[in-house]
Amino acid sequence: MDKNSENWFNNSLIGSMKDNKLNQAFINILNKLEITSIKDLSESSGLDQATISRHIHRKQPLSHEHMVAYSKALDLNVGKFADDEIPTYIIVGSVNHEDGIVTARGEEEAQKIMFHNEYGKIKGAKILLDYETSEALRYNTSNKSKIGNYCFVKYNKPYLHGVVGIVKKITPNSCEVLIFNGKKVIVKDYVEIYPISSKHSIKHNSGTVVKVEF
């Protein structure tokens, strides 16, 4: 890139940052790595220069395919390119498909679910992931009825452990849950019941509902 082009790039980049925050994570990465050449980035990512220019000037949001291309070119996890414009939720635990048992994620399991097909993040929502079926279960505190609905019943201990299933009965001291395998279990030591607000298949929503490292 010649000096005039580089000055145009830098000035346009600074100017565009004042307009909105679309692709902010991507812009931050370019600034941190001091990347100024659209041509070089095009060659390393395989994306055409016009597309990269639109990303930089916030004219076009990054799709999952774009994020993958940039992550390979810059040797970064795909999740690094997610910003506030893309609803993203941390996977807080995993679900055993057979018995519905929920266990908290390990410290080394830094993963998120990105929803490229949604326009706003749901406040307080979290994700449980059934790794066997690749289904993301989203839950948060809500006024939705718990009886007869699919819920995450959280144990008192250990932290973020519990069971997922259809809540059949609630008493002051226990909760009856119908789990995946058709059996009913009585949960006595629980602190909260969170209705599952939505289920999303990662397999059947390729490119729109995506699991990424961060």
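The values are calculated or read from the model by the stated rules, or taken from the named source; none is laboratory data. All values derive from a computational prediction rather than experimental measurement. We place every Cβ from the backbone using ideal geometry, glycine too, and count neighbours over all the protein chains shown.
Structural remarks
- Those residues of segment 56-99 which are surrounded by 17 or more Cβ atoms within 10 Å (Cβ to Cβ), of a type in the set (Lys, Arg) and either at negative phi or without any contact (Cβ under 8 Å) to a residue 24 or more places away in the chain (or both), in sequence order: Lys80
- All positions within segment 155-168 that are in contact (Cβ under 8 Å) with a residue 24 or more places away in the chain and either farther than 30 Å from Pro87 by Cα or not in a strand (DSSP E or B) (or both): Asn156, Lys157, Pro158, Tyr159, Leu160, His161
- Residue count for segment 1-30, restricted to those that are at pLDDT 95 or above and more than 24 Å from the chain's Cα centre (by Cα): 0.
- Residues in segment 169-214 that are outside any loop (DSSP other than H, G, I, E, B), out of contact with any helix residue (DSSP H, G or I) (no Cβ under 8 Å at 6 or more places or on another chain) and acidic (Asp, Glu): Glu176, Glu192.
- Residue within segment 168-186 that is closer than 30 Å to Leu62 by Cα and not assigned by TED's automatic domain parsing to the domain that holds Ala25 present: no
- Residues of segment 115-153 satisfying the condition of being free of Cβ contacts under 8 Å to residues at least 40 places away in the same chain and in a loop (DSSP other than H, G, I, E, B): Glu118, Tyr119, Gly120, Lys121, Lys123, Gly124, Tyr131, Glu132, Asn143, Ile147, Gly148
- Here Lys123 passes the criteria (1) more than 15 Å from Leu160 (Cα to Cα); (2) buried (at least 19 other Cβ atoms within 10 Å of the Cβ); (3) of a type outside the set (Phe, Trp, Tyr) except the one numbered (2).
Residues checked against (1) closer than 30 Å to Val78 by Cβ; (2) modelled with pLDDT of 95 or more; (3) among the hydrophobic types (A, V, I, L, M, F, W, C):
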position: His116; (1), (2), (3): yes, no, no
position: Gly120; (1), (2), (3): yes, no, no
position: Phe152; (1), (2), (3): yes, yes, yes
position: Thr171; (1), (2), (3): no, no, no
position: Glu176; (1), (2), (3): no, yes, no
position: Asn181; (1), (2), (3): no, no, no
position: Asp189; (1), (2), (3): no, no, no
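- For Thr103: the one exception among (1) in a helix (DSSP H, G or I); (2) assigned by TED's automatic domain parsing to the domain that holds Arg138: (1)
- Which numbered condition Val187 fails, given (1) over 21 Å from Ile113 (Cα atoms); (2) touching a Ser or Thr at 6+ places or on another chain (Cβ under 9 Å); (3) surrounded by fewer than 17 Cβ atoms within 10 Å (Cβ to Cβ): (3)
- Residue match in segment 106-114 (condition: in a loop (DSSP other than H, G, I, E, B), among the aliphatic types (A, V, I, L, M), in contact (Cβ under 8 Å) with a residue 60 or more places away in the chain and touching an Asp or Glu at 6+ places or on another chain (Cβ under 8 Å)): yes
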